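Accompanying notes for the structure given below.
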Amino acid sequence: MATAEPHGADAPVQILSARRMAWLRFRSNPVAVIGALMVLSVLFCVAFAPWITPYPAHSGNVLDFANRHAAPSADHWLGTDKVGRDIFTRVIYGFRISLLLVVGVLGVAVPVGAALGLAAGYFGGRTEFAITGFTNVMLAIPPLVMALAVGNILNPNLINAMIAIALLWWTWHARLVYRVAKSVAAEDFIEAARLAGASHWHILTREILPNCVAVISVKTTLDAAFIILFGATLSFLGLGVRPPTPDLGSMVADGRQFLPEMWWGVLGPALGIFYATLGFNLLGDGLRDMFDVEV
Amino acid sequence: MNAGLIEFLLRRAVGFVSVLLVLSLMIFVLARVVPGDPARMALGPAASQDQVDRMRAQMGLDEPLPVQYVNFLGGAVRGDFGTSLISGRDVTTEVLGLLPATLELVLATLALMLLFGVPLGVLAARYRNRWADTVLRLVSLVGVTMPAFLAAILLQLFAAYFLMDWPILGRLDRSMGMPAGPTGLLTIDGLLLGRPDVTLSALQHLAFPALALSLSGIAQIMRITRSAMIEHQRRDHVQTLRSFGVPGRVVTFRYLLKLSSVAPLTIMGLEFASLIGNAFVVEMVFAWGGFASYGLESILQKDLNAIMAVVMLSGLFFVVANLAIDVLIGLIDPRLRMKGGR
C-alpha cells in the first residue's frame, strides 16, 4: 500500500505496485468506472430480481388482459406486453437468462480455449501446429449459422444454445492465450524455471498463465456483451428460451408484432439489451486500457 | 504475381480447404446423430415401413456411415446436396435461385462498410481526442452494442414513419415483377436490361437492409482504421515525410491510408462470418427472400439436406471472401509478397 507522504526534498520515492498502478489507471478512467457500475447494477438485478421488481409473478405465465398493451406509466415503467405483463419486470428477469447463458458459455469456452492456447504456445512443434490449425479452422465457421443448426437439429432450448455457442467460442481465447503464451515461453525466466527442475504443469500454471490473465479478463468481459447479443439474436429467431420464460430477444420478437402503435413492447427489451451490452463493453474497454493489452 | 505471393496464397488455400472439410464433418456428424429418420421425415407419418425402407436405400442411408460421408462429400464437391426433405425439390437448384438476392445484399453491405468505416476512421485519427473523434467513438460504440435485429427493426420503423413511400419489405416493387436478368442482381440487371426504374427501386429496397447489416462492421472498421492510422503516424518514415514538407493531406491519403488499410481488410474477413449470420436476421425482418431466409426456414423445419447445404455454402462464402481479401492484402502489402507468409 502506498501511503500519502509529503513531497519534500528528501521524501522517499514511492514505488507503487503494478496492481496499485493498474487500479489507479482504472479509477481515473470515467468510462471504465461507468461501465463497471453498469455491470454491477446488472449483476445486482440478476441476484435480487424477485425483490426489486414491481411484479415478480409477471416473469411467468400471468394473464392480465385488462392491462394488456398499457403504455408506460408510473405503475408500469416500461408498459405492459400483449397479455398484460409488466415489461420492466420481464426485462430484469431477462437479464437472468442472458447472464446464465454468458456464464454457461464462458465457463466452458474460457478454460478450454486457455488450456489449448497455453499448450500450443508452450510446447510448440506438432502440438502447436495441430492446435493452431484446428483453431483457425473453427474460427472460420459462421457462429450464428452453426448455433442455429446445432441448436435446432438437437432441440431449441437454452442448454443446446449454450453448447452450440461454446463449441465455437473457445477459439478466440485459444488464439489470444496462444499469442501471449508463445512470447512468454521464450523468456529467460521460463528457461530458468525449467533448469531448476520445474514440471511442465508448474511452468504452465504458475509461470505462464498469470501472464495471460490480463488478456483473458479483458476478452471475457467483452465476450459477455457479445454473448448477450448472440443469445438475444437466437431467441429473437425463436431458437433460444421457450416462453413464458422472459428473454430479451424473444420479447423484442413479441413486441415487434405490434409496431409501431405499441412501441414500448420493443423499447423495453431493446433498452435492456443495450444497457447490458454497453456496460460490459465499457468495462472491457476500461480493463483493456488498464492492463494495456491488445485484444 | 511473384513466387512469394503465390506461395502465400497456396498456403491459405490449403487452410481454407481444411476449413471446409472440418465443417463438412461436423455438420455430417450432427445430421446423422440426431434422433429421427430423414427418410421418415421426407415421407411423413402416413408412409408404410416398406416405403420408408425404399426411401432409405434411395437416399443412401442404409450404407455404413463412412461411406455415407464420402458420398456426401463427393456430392458436395459436385454441388449436389440431394433433395429437400420438405419440398422434395433439388436443394442446389433451390439455393442457387436464392443466392443472388443474398449476394446483392452482402455486396452492398461490404460497400457500405468500406465507404463509411474507412473515411470515418481516418477522420477520427486526424482529429484525435477532439470532439469529432469523441462523437465518432460514441457512435461506433452504439454500432458494436446494437444487435443486427434491433438495427433492422429500428431502421424499418424509421422508414415506415418518416419516409412514407419508402419500401420496407422485399427486393422490388411488386408491379415490376421479377425481371429475369443474366446476373440475378437486380441493381445490375436493371441497367443491363435498360430499365433504370428497376435499378432505382432495387436500390431503394436495398438501402435499409444493407445499412442494418453493415452497422457493426462500420463501427469495427472505423475503430481499427483509427488505431492503425494513429500507430503509423508515430513511425519514423511518416515523420520523415512530414519533415520533408510533404503536405498533411498527401501524407494521410497516399501513405498512411495505404499502410493502414491492411488491418481493416483483415477484420473484414473475420467479420464476414458474423455478417453471414446476421444476414439471417436482417433478411427475416425485411422479408428479403434470399439464401439466409431459406436457411432459417430449413433449420426451423429440420430439413437436414437443406441445412447441410446452407451450412456448407455459408462456409464457402466465408472462405472465398477471405481468399479474395488475402489477394488484396498481398497486392497492397509488399512485405507479404516477399516473405510469402505471415
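The values are calculated or read from the model by the stated rules, or taken from the named source; none is laboratory data. A quick note: this is a predicted structure, and the numbers were derived from the prediction, not measured. For neighbour counting, all protein chains shown are included, and Cβ atoms are generated from backbone atoms with ideal geometry for every residue, glycine included. Note: accessible area is taken over every heavy atom of the protein model, side chains too, but ligands, DNA and RNA are not part of it. Shrake-Rupley method; radii C 1.70, N 1.55, O 1.52, S 1.80 Å.
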Worksheet, complete the sentence: Within the range A:250-265, the residues that are outside any loop (DSSP other than H, G, I, E, B) and either open to solvent by 40 Å² or more (accessible area, probe 1.4 Å) or in contact (Cβ under 8 Å) with a residue 24 or more places away in the chain (or both) are A:MET251, A:ASP254, A:GLY255, A:ARG256, A:TRP264, A:GLY265
Worksheet item: Does any residue in the range A:52-70 that is assigned to a helix (DSSP H, G or I) come within less than 6 Å, Cβ to Cβ, of a residue that is not aromatic (Phe, Trp, Tyr) six or more places away or on a different chain, and which pairs are these?
Response: A:PRO56/A:PRO50; A:HIS58/A:ARG85; A:HIS58/A:ASP86; A:HIS58/A:THR89; A:SER59/A:PRO246; A:PHE65/A:GLY84; A:ASN67/A:THR80; A:ASN67/A:GLY84
Practice prompt. Check B:GLY60 against each of (1) open to solvent by less than 20 Å² (accessible area, probe 1.4 Å); (2) in contact (Cβ under 8 Å) with a residue 40 or more places away in the chain and name the one condition it does not meet.
Written response: (2)
Worksheet item: Has the range B:81-94 got any residue that is farther than 30 Å from B:TRP288 by Cα and more than 14 Å from chain A (Cβ to nearest Cβ)?
Response: no
Item to complete: Quick one: count up the residues across the range A:154-171 that are surrounded by fewer than 23 Cβ atoms within 10 Å (Cβ to Cβ) and either over 17 Å from A:LEU101 (Cα atoms) or of a type in the set (S, T, N, Q) (or both).
Response: 4
Item to complete: Identify all residues within the range B:1-25 that are surrounded by 14 or more Cβ atoms within 10 Å (Cβ to Cβ), more than 14 Å from chain A (Cβ to nearest Cβ) and at pLDDT 75 or above; write none if there are none.
Response: B:GLU7, B:PHE8, B:LEU9
Worksheet item: Of everything in the range B:205-251 that's over 22 Å from B:VAL142 (Cβ atoms) and of a type in the set (Val, Ile, Thr), which residue is most open to solvent (accessible area, probe 1.4 Å)?
Response: B:THR240
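With respect to A:ILE87, is the statement that it is open to solvent by 30 Å² or more (accessible area, probe 1.4 Å) and either in contact with a strand residue (DSSP E or B) (Cβ under 9 Å, 6 or more places away or on another chain) or not hydroxyl-bearing (Ser, Thr, Tyr) (or both) true?
Details: open to solvent by 30 Å² or more (accessible area, probe 1.4 Å): no; either in contact with a strand residue (DSSP E or B) (Cβ under 9 Å, 6 or more places away or on another chain) or not hydroxyl-bearing (Ser, Thr, Tyr) (or both): yes.
For A:ILE87, the condition - open to solvent by 30 Å² or more (accessible area, probe 1.4 Å) and either in contact with a strand residue (DSSP E or B) (Cβ under 9 Å, 6 or more places away or on another chain) or not hydroxyl-bearing (Ser, Thr, Tyr) (or both) - is not met.
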Worksheet item: Within the group B:ARG137, B:ARG126, which residue is in contact (Cβ under 8 Å) with a residue 12 or more places away in the chain, within 12 Å of another protein chain (Cβ to nearest Cβ), among the basic types (Lys, Arg) and surrounded by fewer than 21 Cβ atoms within 10 Å (Cβ to Cβ)?
Response: B:ARG137
Worksheet item: What are the residues in the range B:63-110 that are β-branched (Val, Ile, Thr), under 23 Å from B:LEU20 (Cα atoms) and open to solvent by less than 40 Å² (accessible area, probe 1.4 Å), if any?
Response: B:VAL91, B:THR92, B:VAL95, B:THR102, B:VAL106
Fill in: Within the range B:40-57, considering residues that are of a type in the set (Gly, Ala, Ser) and farther than 15 Å from B:LEU304 by Cα, the one surrounded by the fewest Cβ atoms within 10 Å (Cβ to Cβ)
B:ALA46
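Residues are listed down the side, and each one gets a yes or a no for (1) under 30 Å from A:ARG194 (Cα atoms); (2) of a type in the set (A, V, I, L, M); (3) at the interface with chain B (Cβ under 8 Å from one of its Cβ atoms):
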{"position": "A:VAL102", "(1), (2), (3)": "no, yes, no"}
{"position": "A:LEU106", "(1), (2), (3)": "no, yes, no"}
{"position": "A:PRO111", "(1), (2), (3)": "yes, no, no"}
{"position": "A:ALA114", "(1), (2), (3)": "yes, yes, no"}
{"position": "A:GLY121", "(1), (2), (3)": "yes, no, no"}
{"position": "A:PHE129", "(1), (2), (3)": "yes, no, no"}
{"position": "A:THR132", "(1), (2), (3)": "yes, no, no"}
{"position": "A:ALA149", "(1), (2), (3)": "no, yes, yes"}
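Would you check which residues across the range B:115-147 are of a type in the set (A, V, I, L, M) and farther than 20 Å from B:ARG249 by Cα and list them?
If we filter the range B:115-147 for residues that are of a type in the set (A, V, I, L, M), which is where we start, we get B:115, B:118, B:120, B:122-125, B:132, B:135-136, B:138-139, B:141-142, B:144, B:146.
The answer is B:VAL135, B:LEU136, B:LEU138, B:VAL139, B:LEU141, B:VAL142, B:VAL144, B:MET146.
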Practice prompt. Of all residues in the range B:283-325, count the ones that are more than 9 Å from every other protein chain (Cβ to nearest Cβ) and without any contact (Cβ under 8 Å) to a residue 12 or more places away in the chain.
Written response: 3
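Out of B:LEU259, B:LEU270, report the one residue that is within 30 Å of A:LEU239 (Cβ to Cβ) and either aliphatic (A, V, I, L, M) or buried (at least 24 other Cβ atoms within 10 Å of the Cβ) (or both).
B:LEU270
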Fill in: Which numbered condition B:PHE28 fails, given (1) within 14 Å of chain A (Cβ to nearest Cβ); (2) over 19 Å from A:VAL145 (Cβ atoms)
(2)
Worksheet item: Within the range A:197-211, is even one residue open to solvent by less than 40 Å² (accessible area, probe 1.4 Å) and within 14 Å of chain B (Cβ to nearest Cβ)?
Response: no
Discussion item. Just to verify a result, which residue in the range B:167-187, among those that are in contact with a Ser or Thr (Cβ under 8 Å, 6 or more places away or on another chain) and of a type in the set (A, V, I, L, M), is least open to solvent (accessible area, probe 1.4 Å)?
Written reply: B:LEU186
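Can you tell me how many residues in the range A:234-249 are more than 11 Å from every other protein chain (Cβ to nearest Cβ) and over 20 Å from A:MET38 (Cα atoms)?
Initially, the range A:234-249 is screened for residues more than 11 Å from every other protein chain (Cβ to nearest Cβ), giving A:240-247.
This time we only want the ones that are over 20 Å from A:MET38 (Cα atoms), so: A:240-246.
Final tally of qualifying residues: 7.
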Item to complete: Scan the range B:111-123 for residues that are open to solvent by less than 60 Å² (accessible area, probe 1.4 Å) and either touching a strand residue (DSSP E or B) at 6+ places or on another chain (Cβ under 6 Å) or of a type in the set (A, V, I, L, M) (or both) and jot them down.
Response: B:ALA111, B:LEU112, B:MET113, B:VAL118, B:LEU120, B:VAL122
Worksheet item: Which of (1) open to solvent by 80 Å² or more (accessible area, probe 1.4 Å); (2) within 12 Å of chain A (Cβ to nearest Cβ); (3) more than 27 Å from B:PRO119 (Cβ to Cβ) does B:MET164 not meet, given it meets every other one?
Response: (2)
Item to complete: Pull up the range A:268-295, narrow it to residues that are surrounded by 19 or more Cβ atoms within 10 Å (Cβ to Cβ), aliphatic (A, V, I, L, M) and within 23 Å of A:SER59 (Cβ to Cβ), then point me to the one that is modelled with the lowest pLDDT.
Response: A:ALA270
Discussion item. Any residue that is within 27 Å of A:ILE153 (Cβ to Cβ) and facing another protein chain (nearest Cβ under 8 Å) - is there at least one of those in the range A:276-285?
Written reply: no
